[in-house]
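To start, the structure under review is shown below, and the notes come after it.
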Amino acid sequence: MKNNIFDTALVFEGGGMRVAHSAGVINAMLEHELFFNYVSAVSAGSSNAVNYLSRDRERAKRSFVDLADMEGVIGMRHWLRGEGYFAAEYLYGAASLPGGPLPLDFARFQANPAELRIGAFDCETGETVYWKRGDIDTVNDLLRMVRCSSTIPLLMPRTEFRGRTYIDGGIEAGVPLDVARRDGFDRFFIVLTRAKGYRKKPMKIQGLLERKFRDEPLLIEKLRRRWERYNEQMEEIERLEARGRAIVVRPVRMQIHSTTADRVRLEESYRDGYRLAAEQMAAWKKFLFT
(Lines give C-alpha, C1' and ligand atoms only; values in the text may rest on other atoms or scores of the structure.)
Protein backbone atom coordinates (compact mmCIF):
# COMPACT_ATOMS: atom_id res chain seq x y z
CA MET A 1 0.00 0.00 0.00
CA LYS A 2 1.06 3.56 -0.65
CA ASN A 3 -0.16 6.77 0.96
CA ASN A 4 -0.41 10.23 -0.56
CA ILE A 5 -1.00 12.63 2.36
CA PHE A 6 2.04 13.17 4.56
CA ASP A 7 1.85 16.68 6.03
CA THR A 8 -1.62 16.42 7.60
CA ALA A 9 -2.78 14.26 10.50
CA LEU A 10 -6.12 12.45 10.28
CA VAL A 11 -7.86 12.65 13.68
CA PHE A 12 -10.95 10.66 14.70
CA GLU A 13 -13.29 11.56 17.56
CA GLY A 14 -15.21 8.75 19.23
CA GLY A 15 -18.84 8.75 20.28
CA GLY A 16 -20.10 5.18 20.36
CA MET A 17 -22.59 4.45 17.60
CA ARG A 18 -22.47 8.09 16.48
CA VAL A 19 -19.37 7.14 14.51
CA ALA A 20 -21.70 5.50 11.98
CA HIS A 21 -21.63 8.98 10.45
CA SER A 22 -17.82 8.92 10.38
CA ALA A 23 -17.91 5.50 8.71
CA GLY A 24 -19.78 7.08 5.81
CA VAL A 25 -17.16 9.82 5.67
CA ILE A 26 -14.20 7.43 5.56
CA ASN A 27 -15.75 5.26 2.88
CA ALA A 28 -16.10 8.32 0.65
CA MET A 29 -12.48 9.21 1.50
CA LEU A 30 -11.32 5.75 0.49
CA GLU A 31 -13.28 5.93 -2.75
CA HIS A 32 -11.51 9.18 -3.59
CA GLU A 33 -8.11 7.78 -2.53
CA LEU A 34 -7.43 10.13 0.36
CA PHE A 35 -4.72 8.04 2.00
CA PHE A 36 -3.25 9.65 5.13
CA ASN A 37 0.10 8.50 6.45
CA TYR A 38 -0.76 9.34 10.08
CA VAL A 39 -3.96 8.63 12.02
CA SER A 40 -4.85 9.24 15.69
CA ALA A 41 -8.06 8.03 17.30
CA VAL A 42 -9.82 7.39 20.58
CA SER A 43 -12.85 5.46 21.73
CA ALA A 44 -15.11 4.17 18.93
CA GLY A 45 -13.07 6.32 16.56
CA SER A 46 -10.27 3.77 16.93
CA SER A 47 -12.43 1.19 15.13
CA ASN A 48 -12.89 3.65 12.29
CA ALA A 49 -9.14 4.24 12.20
CA VAL A 50 -8.38 0.53 11.90
CA ASN A 51 -11.01 0.05 9.19
CA TYR A 52 -9.66 3.07 7.33
CA LEU A 53 -6.07 1.85 7.47
CA SER A 54 -7.18 -1.60 6.32
CA ARG A 55 -9.04 0.18 3.50
CA ASP A 56 -11.95 -2.10 4.25
CA ARG A 57 -15.08 -0.28 3.18
CA GLU A 58 -17.35 -3.21 3.93
CA ARG A 59 -16.13 -3.61 7.50
CA ALA A 60 -16.32 0.16 8.06
CA LYS A 61 -20.05 0.06 7.44
CA ARG A 62 -20.75 -3.29 9.07
CA SER A 63 -19.03 -2.21 12.29
CA PHE A 64 -21.55 0.58 12.97
CA VAL A 65 -24.59 -0.15 10.81
CA ASP A 66 -24.97 -3.87 10.16
CA LEU A 67 -23.86 -4.45 13.75
CA ALA A 68 -27.39 -3.58 14.84
CA ASP A 69 -28.71 -6.68 13.05
CA MET A 70 -26.30 -9.04 14.77
CA GLU A 71 -27.90 -11.21 17.42
CA GLY A 72 -26.90 -10.58 21.02
CA VAL A 73 -24.26 -7.89 20.66
CA ILE A 74 -26.07 -4.74 21.87
CA GLY A 75 -28.52 -4.35 24.72
CA MET A 76 -29.26 -4.12 28.40
CA ARG A 77 -29.45 -7.91 28.80
CA HIS A 78 -25.66 -8.20 28.53
CA TRP A 79 -25.19 -5.18 30.74
CA LEU A 80 -27.30 -6.70 33.51
CA ARG A 81 -25.12 -9.81 33.32
CA GLY A 82 -22.01 -7.65 33.77
CA GLU A 83 -20.86 -8.12 30.17
CA GLY A 84 -21.50 -4.54 29.08
CA TYR A 85 -24.11 -2.84 26.89
CA PHE A 86 -21.92 -3.86 23.96
CA ALA A 87 -20.76 -7.48 24.01
CA ALA A 88 -17.10 -6.44 24.00
CA GLU A 89 -15.57 -9.87 24.60
CA TYR A 90 -17.23 -11.11 21.41
CA LEU A 91 -17.05 -7.97 19.27
CA TYR A 92 -13.32 -7.45 19.86
CA GLY A 93 -12.66 -11.18 19.85
CA ALA A 94 -14.28 -13.95 17.85
CA ALA A 95 -16.49 -11.59 15.81
CA SER A 96 -13.41 -9.82 14.42
CA LEU A 97 -11.33 -12.93 13.70
CA PRO A 98 -11.49 -15.10 10.56
CA GLY A 99 -14.89 -16.76 10.36
CA GLY A 100 -16.61 -14.05 12.40
CA PRO A 101 -19.14 -11.52 11.07
CA LEU A 102 -16.64 -8.62 11.31
CA PRO A 103 -13.32 -10.18 10.26
CA LEU A 104 -10.41 -7.76 10.43
CA ASP A 105 -7.92 -8.19 7.59
CA PHE A 106 -4.80 -7.87 9.73
CA ALA A 107 -2.48 -8.50 6.79
CA ARG A 108 -3.91 -5.50 4.93
CA PHE A 109 -3.72 -3.41 8.07
CA GLN A 110 -0.07 -4.33 8.48
CA ALA A 111 0.63 -3.64 4.79
CA ASN A 112 -0.34 0.00 5.25
CA PRO A 113 2.78 1.94 6.33
CA ALA A 114 0.75 4.75 7.94
CA GLU A 115 1.54 5.53 11.56
CA LEU A 116 -1.27 4.99 14.07
CA ARG A 117 -2.03 6.26 17.57
CA ILE A 118 -4.78 4.61 19.65
CA GLY A 119 -5.50 6.27 22.98
CA ALA A 120 -6.80 4.60 26.14
CA PHE A 121 -7.11 5.81 29.74
CA ASP A 122 -4.82 4.00 32.18
CA CYS A 123 -6.87 3.54 35.36
CA GLU A 124 -3.79 3.28 37.59
CA THR A 125 -1.84 6.34 36.43
CA GLY A 126 -4.82 8.53 35.49
CA GLU A 127 -3.18 9.33 32.15
CA THR A 128 -4.01 8.61 28.53
CA VAL A 129 -1.67 6.12 26.86
CA TYR A 130 -1.20 6.13 23.09
CA TRP A 131 -0.20 2.87 21.45
CA LYS A 132 1.83 2.92 18.23
CA ARG A 133 2.30 0.44 15.44
CA GLY A 134 5.43 -0.83 17.14
CA ASP A 135 3.28 -1.95 20.09
CA ILE A 136 1.18 -4.24 17.87
CA ASP A 137 2.51 -7.78 17.45
CA THR A 138 -0.67 -9.70 16.61
CA VAL A 139 -4.25 -9.11 15.53
CA ASN A 140 -5.31 -9.87 19.09
CA ASP A 141 -3.08 -7.04 20.35
CA LEU A 142 -4.74 -4.63 17.95
CA LEU A 143 -8.25 -5.74 18.84
CA ARG A 144 -7.46 -5.45 22.54
CA MET A 145 -6.15 -1.91 22.09
CA VAL A 146 -9.31 -0.89 20.25
CA ARG A 147 -11.40 -2.50 22.98
CA CYS A 148 -9.48 -0.68 25.72
CA SER A 149 -9.96 2.63 23.93
CA SER A 150 -13.69 1.96 23.42
CA THR A 151 -14.58 0.85 26.96
CA ILE A 152 -17.30 3.32 27.99
CA PRO A 153 -17.48 3.82 31.80
CA LEU A 154 -20.56 2.23 33.41
CA LEU A 155 -21.72 0.75 30.10
CA MET A 156 -18.79 -1.64 29.65
CA PRO A 157 -16.49 -3.51 32.03
CA ARG A 158 -12.96 -2.15 32.06
CA THR A 159 -10.39 -3.97 29.95
CA GLU A 160 -7.07 -5.49 30.99
CA PHE A 161 -4.11 -5.52 28.62
CA ARG A 162 -0.50 -6.41 29.32
CA GLY A 163 -0.94 -6.17 33.07
CA ARG A 164 -2.73 -2.80 33.10
CA THR A 165 -6.39 -1.82 33.26
CA TYR A 166 -7.94 0.62 30.80
CA ILE A 167 -11.15 2.42 29.93
CA ASP A 168 -12.34 4.84 27.25
CA GLY A 169 -9.60 6.87 25.57
CA GLY A 170 -11.97 9.81 25.19
CA ILE A 171 -12.17 10.53 28.93
CA GLU A 172 -9.20 12.90 28.93
CA ALA A 173 -8.73 13.59 25.22
CA GLY A 174 -12.14 13.71 23.57
CA VAL A 175 -10.35 14.49 20.31
CA PRO A 176 -6.76 13.12 20.05
CA LEU A 177 -5.29 16.31 18.66
CA ASP A 178 -2.51 16.80 21.20
CA VAL A 179 -0.75 13.56 20.35
CA ALA A 180 -0.65 14.52 16.66
CA ARG A 181 0.85 17.85 17.65
CA ARG A 182 3.47 16.15 19.80
CA ASP A 183 4.33 14.04 16.78
CA GLY A 184 5.09 17.18 14.80
CA PHE A 185 1.92 17.96 12.87
CA ASP A 186 0.45 21.44 12.47
CA ARG A 187 -2.16 20.61 9.80
CA PHE A 188 -5.15 18.45 10.63
CA PHE A 189 -8.13 16.70 9.09
CA ILE A 190 -10.49 16.21 12.03
CA VAL A 191 -13.55 13.96 11.86
CA LEU A 192 -16.04 14.85 14.62
CA THR A 193 -19.35 13.27 15.62
CA ARG A 194 -21.11 16.39 16.88
CA ALA A 195 -22.61 19.30 14.94
CA LYS A 196 -20.89 22.70 14.79
CA GLY A 197 -21.26 24.66 17.99
CA TYR A 198 -21.85 21.64 20.23
CA ARG A 199 -20.49 22.00 23.76
CA LYS A 200 -20.64 19.57 26.64
CA LYS A 201 -22.21 20.35 30.01
CA PRO A 202 -21.45 18.85 33.42
CA MET A 203 -22.74 15.28 33.46
CA LYS A 204 -26.07 14.68 35.13
CA ILE A 205 -24.77 11.31 36.31
CA GLN A 206 -21.63 12.76 37.91
CA GLY A 207 -22.86 11.72 41.36
CA LEU A 208 -23.42 8.16 40.20
CA LEU A 209 -19.94 8.06 38.64
CA GLU A 210 -18.35 9.36 41.81
CA ARG A 211 -20.05 6.67 43.88
CA LYS A 212 -19.11 3.98 41.38
CA PHE A 213 -15.46 5.04 41.24
CA ARG A 214 -15.12 6.42 44.77
CA ASP A 215 -11.87 4.53 45.33
CA GLU A 216 -10.27 6.03 42.20
CA PRO A 217 -9.76 9.76 42.78
CA LEU A 218 -7.65 10.21 39.62
CA LEU A 219 -10.44 8.86 37.43
CA ILE A 220 -13.11 10.89 39.26
CA GLU A 221 -11.17 14.09 38.72
CA LYS A 222 -10.79 13.39 34.98
CA LEU A 223 -14.50 12.63 34.68
CA ARG A 224 -15.38 15.77 36.63
CA ARG A 225 -13.39 17.99 34.25
CA ARG A 226 -14.16 16.11 31.07
CA TRP A 227 -16.75 18.60 29.83
CA GLU A 228 -14.42 21.56 30.38
CA ARG A 229 -11.53 19.90 28.57
CA TYR A 230 -13.76 18.91 25.66
CA ASN A 231 -15.09 22.43 25.26
CA GLU A 232 -11.55 23.81 25.32
CA GLN A 233 -10.67 21.41 22.53
CA MET A 234 -13.64 22.56 20.45
CA GLU A 235 -12.51 26.18 20.83
CA GLU A 236 -9.01 25.20 19.75
CA ILE A 237 -10.31 23.25 16.76
CA GLU A 238 -12.42 26.19 15.63
CA ARG A 239 -9.36 28.45 15.83
CA LEU A 240 -7.35 26.02 13.70
CA GLU A 241 -10.18 25.90 11.20
CA ALA A 242 -10.42 29.71 11.03
CA ARG A 243 -6.66 29.97 10.43
CA GLY A 244 -6.80 27.48 7.59
CA ARG A 245 -4.81 24.84 9.50
CA ALA A 246 -7.59 22.27 9.70
CA ILE A 247 -10.42 20.75 7.80
CA VAL A 248 -13.12 19.89 10.32
CA VAL A 249 -15.74 17.35 9.28
CA ARG A 250 -18.93 17.66 11.32
CA PRO A 251 -22.39 16.18 10.89
CA VAL A 252 -24.95 18.75 9.81
CA ARG A 253 -27.30 16.91 12.13
CA MET A 254 -26.65 14.19 14.66
CA GLN A 255 -29.87 12.40 15.49
CA ILE A 256 -28.47 9.22 16.97
CA HIS A 257 -26.84 8.54 20.32
CA SER A 258 -23.83 6.60 21.48
CA THR A 259 -26.09 3.64 22.34
CA THR A 260 -28.45 3.71 19.32
CA ALA A 261 -29.19 0.19 18.10
CA ASP A 262 -31.79 0.97 15.42
CA ARG A 263 -30.48 -0.20 12.03
CA VAL A 264 -32.58 2.29 10.04
CA ARG A 265 -31.34 5.28 12.02
CA LEU A 266 -27.72 4.10 11.90
CA GLU A 267 -27.95 3.61 8.13
CA GLU A 268 -29.39 7.09 7.76
CA SER A 269 -26.51 8.60 9.73
CA TYR A 270 -24.00 6.61 7.67
CA ARG A 271 -25.54 7.95 4.46
CA ASP A 272 -25.52 11.49 5.88
CA GLY A 273 -21.78 11.16 6.39
CA TYR A 274 -21.22 9.75 2.92
CA ARG A 275 -23.26 12.54 1.28
CA LEU A 276 -21.51 15.21 3.32
CA ALA A 277 -18.13 13.91 2.16
CA ALA A 278 -19.23 13.86 -1.47
CA GLU A 279 -20.40 17.48 -1.21
CA GLN A 280 -17.17 18.69 0.43
CA MET A 281 -14.67 16.48 -1.39
CA ALA A 282 -13.47 19.16 -3.82
CA ALA A 283 -12.63 21.52 -0.94
CA TRP A 284 -10.91 18.71 0.93
CA LYS A 285 -8.71 17.84 -2.02
CA LYS A 286 -7.78 21.48 -2.51
CA PHE A 287 -6.68 21.69 1.14
CA LEU A 288 -4.76 18.41 1.01
CA PHE A 289 -3.13 18.49 -2.40
CA THR A 290 -2.50 22.14 -3.32
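The values are calculated or read from the model by the stated rules, or taken from the named source; none is laboratory data. These figures come from a predicted structure and were not determined experimentally. Note that each Cβ is placed from the backbone with ideal geometry, even for glycine, and that neighbours are counted across all protein chains shown. Only protein heavy atoms, including side chains, enter the accessible area calculation; ligands, DNA and RNA are left aside. Shrake-Rupley method; radii C 1.70, N 1.55, O 1.52, S 1.80 Å.
Structure notes:
- FRET efficiency for ASP215 and ASP141, using Cβ-Cβ distance with R0 set to 35 Å, rounded to 0.05: 0.75
- The length gained on full extension between THR165 and LEU288, counted as 0.36 nm times the residue separation minus their Cα-Cα distance, comes to 40.5 nm.
- Computed FRET value (nearest 0.05) for ASN4 with ARG181, which takes r as the C-beta separation and R₀ as 25 Å: 0.70
- Among the protein heavy atoms of the chain, carbon and sulfur supply 50% of the accessible surface, probe 1.4 Å, non-protein parts ignored.
- With R₀ set to 30 Å, the beta-carbon distance separating ALA242 from VAL264 gives a calculated FRET efficiency near 0.25.
- Of all DSSP beta bridges in region 115-250, antiparallel share, percent nearest 5: 70 percent
- Cα shape, region 33-136, gyration tensor, a/c 1.5 rule: oblate
- Between the alpha-carbon centres of region 129-205 and region 27-104 there is a gap of 14 Å.
- Region 172-253 - convex hull of the alpha-carbon atoms, volume per residue in Å³: 98 Å³
- Of the whole protein surface, HIS257 contributes about 120 Å² of accessible area at a 1.4 Å probe radius.
- Among ARG229, ARG214, ARG133, residue whose mean-square fluctuation peaks in a GNM of the chain (springs only between Cα atoms under 10 Å): ARG214
- Entry note, region 78-164: relative contact order of 31 percent, from Cα contacts under 8 Å with a spacing of 6+ residues.
- Choice from ILE171, ILE26, ILE74 showing the highest fluctuation, given a GNM over the chain with Cα pairs closer than 10 Å: ILE74
- Once all protein chains are placed together, PHE6 keeps about 130 Å² accessible to a 1.4 angstrom probe.
- Classified by the C-alpha gyration tensor, region 4-46 has an oblate form. Its axis ratio a/c, with a ≥ b ≥ c, is 1.5 or above, and a/b does not exceed b/c.
- Listed pairs LYS196/LYS285; LYS132/LYS212; LYS61/LYS201; LYS61/LYS212; LYS132/LYS196 exceeding 24 Å between Cα atoms: LYS132/LYS212; LYS61/LYS201; LYS61/LYS212; LYS132/LYS196
- Within the listed set GLU71, GLU33, GLU124, the Gaussian network model of the chain (springs between alpha-carbon atoms below 10 Å) gives the highest mean-square fluctuation for GLU71.
- Where the chain is the region considered: accessible area per residue in Å², 1.4 Å probe: 44 Å²
- Taking all protein chains together and a 1.4 Å probe, the residues ASP262, ASP168 rank ASP262, ASP168 from largest to smallest accessible area.
- Mean separation of Cα pairs under 8 Å and 6 or more residues apart, divided by the residue count, gives the chain a relative contact order of 28 percent.
- Sequence of MET29, MET70 when ordered by accessible area, the most exposed leading, probe 1.4 angstrom: MET70, MET29
- Entry note, the chain: the mean residue ellipticity at 222 nm calculated from DSSP H runs of n ≥ 4, each adding -39500 (n - 2.57), is -12500 deg cm²/dmol after division by the residues and rounding to the nearest 500.
- Segments 159-166, 147-154 sorted - mean Cβ within 10 Å per residue, highest first: 147-154, 159-166
- Counted over the chain, the DSSP beta bridges are approximately 40% antiparallel.
- Whether the chain is rounded, prolate or oblate, judged on the alpha carbon gyration tensor where a/c under 1.5 counts as rounded: rounded
- Eigen-decomposition of the gyration tensor built on the alpha-carbon atoms of region 65-118 gives equivalent ellipsoid semi-axes of 26, 13, 9 angstrom, largest listed first.
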